[in-house]
1. Hey, can you tell me all the residues within the range 27-42 that are open to solvent by 30 Å² or more (accessible area, probe 1.4 Å), under 14 Å from the mean Cα position of the chain (by Cα) and either at pLDDT below 90 or aromatic (Phe, Trp, Tyr) (or both)?
2. In the range 64-78, which residues are open to solvent by 80 Å² or more (accessible area, probe 1.4 Å) and within 20 Å of Leu99 (Cα to Cα)?
3. Could you list, in sequence order, all residues of the range 83-109 that are crowded, with 16+ Cβ neighbours inside 10 Å, out of contact with any helix residue (DSSP H, G or I) (no Cβ under 7 Å at 6 or more places or on another chain) and more than 15 Å from Val129 (Cα to Cα)?
4. Residue check: is Tyr137 open to solvent by 50 Å² or more (accessible area, probe 1.4 Å) and among the aromatic types (Phe, Trp, Tyr)?
5. Could you give me the residue pairs with C-beta distances under 7 Å whose first residue belongs to the range 102-128 and is β-branched (Val, Ile, Thr), whose second residue is open to solvent by 70 Å² or more (accessible area, probe 1.4 Å) wherever it lies, and which are 6+ apart or on separate chains?
6. Give the residue, chosen from Thr194, Thr118, that is open to solvent by 50 Å² or more (accessible area, probe 1.4 Å) and either touching a strand residue (DSSP E or B) at 6+ places or on another chain (Cβ under 8 Å) or closer than 24 Å to Gly81 by Cα (or both).
7. Please find, within the range 43-63, the residue that is surrounded by the fewest Cβ atoms within 10 Å (Cβ to Cβ) out of those that are touching a helix residue (DSSP H, G or I) at 6+ places or on another chain (Cβ under 7 Å) and within 19 Å of Lys5 (Cβ to Cβ).
8. Looking at Val180, Val188, Val150, Val161 in this structure, which one is touching a residue at least 40 places away in the same chain (Cβ under 8 Å) and either open to solvent by 10 Å² or more (accessible area, probe 1.4 Å) or more than 15 Å from the chain's Cα centre (by Cα) (or both)?
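The values are calculated or read from the model by the stated rules, or taken from the named source; none is laboratory data. Keep in mind that what you see is a predicted model, and the values were worked out from it rather than measured. All Cβ positions, even for glycine, are placed from backbone atoms using ideal geometry, and neighbour counts span all protein chains on display. The protein model used for the area step is the full one, side chains on, heavy atoms only, and it has no ligands, DNA or RNA in it. Shrake-Rupley method; radii C 1.70, N 1.55, O 1.52, S 1.80 Å.
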Amino acid sequence: MSARKLHISPALSLPQDFQTSTLVVYGGKGMGKTNLGSVLVEELAAAGLRFSVLDPMGVWWGLRHSEDGKGPGIAVLILGGIHGDIPIEPTAGAVVADLVVDEDVSVVIDISRRPDGTMWSIGERVRFVTDYAKRLYQRQGEKRRPLMQVIDEAARFIPQVLRKGEEQVAACMGAVAVLVEEGRNVGVGVSLITQRSA
């Protein structure tokens, strides 16, 4: 019996090993980028495959609900944000990566705001993603359990142009680049969702 395909649309089905591939979803505001990403992770969940979503917008918690909002969606642990099961801090990137690697659960990591609604700063988000990406790559090398890592609004963490004095952004860009370029070797696929083509 063949493995279940990931049905992204009536015209597009992907093999399960796509979980460790690289994907770039590019388009303007409101063009359906996050919707395509959510279809991808719903299909991964239906096939029993793990994923993790870095969510700087605070919108991915909706995966828990059906399309009409009246029924259940998919089982996912939500870390951080106002809908989170467990609050997280900007300094917890490495700890969250350990959880992602060690636990048999798919997660949404909401780095948009704290439980009281206070927004994380751009610097806090960049720090978290830097620590998370470094640790995820390191730990996946130990475990090698396949994982699709989705990064929404990816251009915030891997910009086209680095300005003078943006050492933390440069470190973040380097950590994410390692995941994208070498992740498949340790069982990590990366889906970058962005409005910026570069």
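1. Going residue by residue through the range 27-42, those that are open to solvent by 30 Å² or more (accessible area, probe 1.4 Å) are 28-32, 34-36, 39, 42.
Next, only the ones that are under 14 Å from the mean Cα position of the chain (by Cα) stay: 34-36, 39, 42.
Across the range 27-42, the qualifying residues are Thr34, Asn35, Leu36, Val39.
2. Ala75
3. Matches in the range 83-109: Gly84 only.
4. Answer is yes for this residue.
5. Taking only residues 6 or more apart or on different chains, the pairs are Val108/Trp61; Val126/Gln168.
6. On the way: Thr194 fails: open to solvent by 50 Å² or more (accessible area, probe 1.4 Å).
Only one candidate qualifies: Thr118.
7. Ala47
8. Values: Val188 fails: either open to solvent by 10 Å² or more (accessible area, probe 1.4 Å) or more than 15 Å from the chain's Cα centre (by Cα) (or both); Val150 fails: either open to solvent by 10 Å² or more (accessible area, probe 1.4 Å) or more than 15 Å from the chain's Cα centre (by Cα) (or both); Val161 fails: touching a residue at least 40 places away in the same chain (Cβ under 8 Å).
From the options Val180, Val188, Val150, Val161, the qualifying one is Val180.
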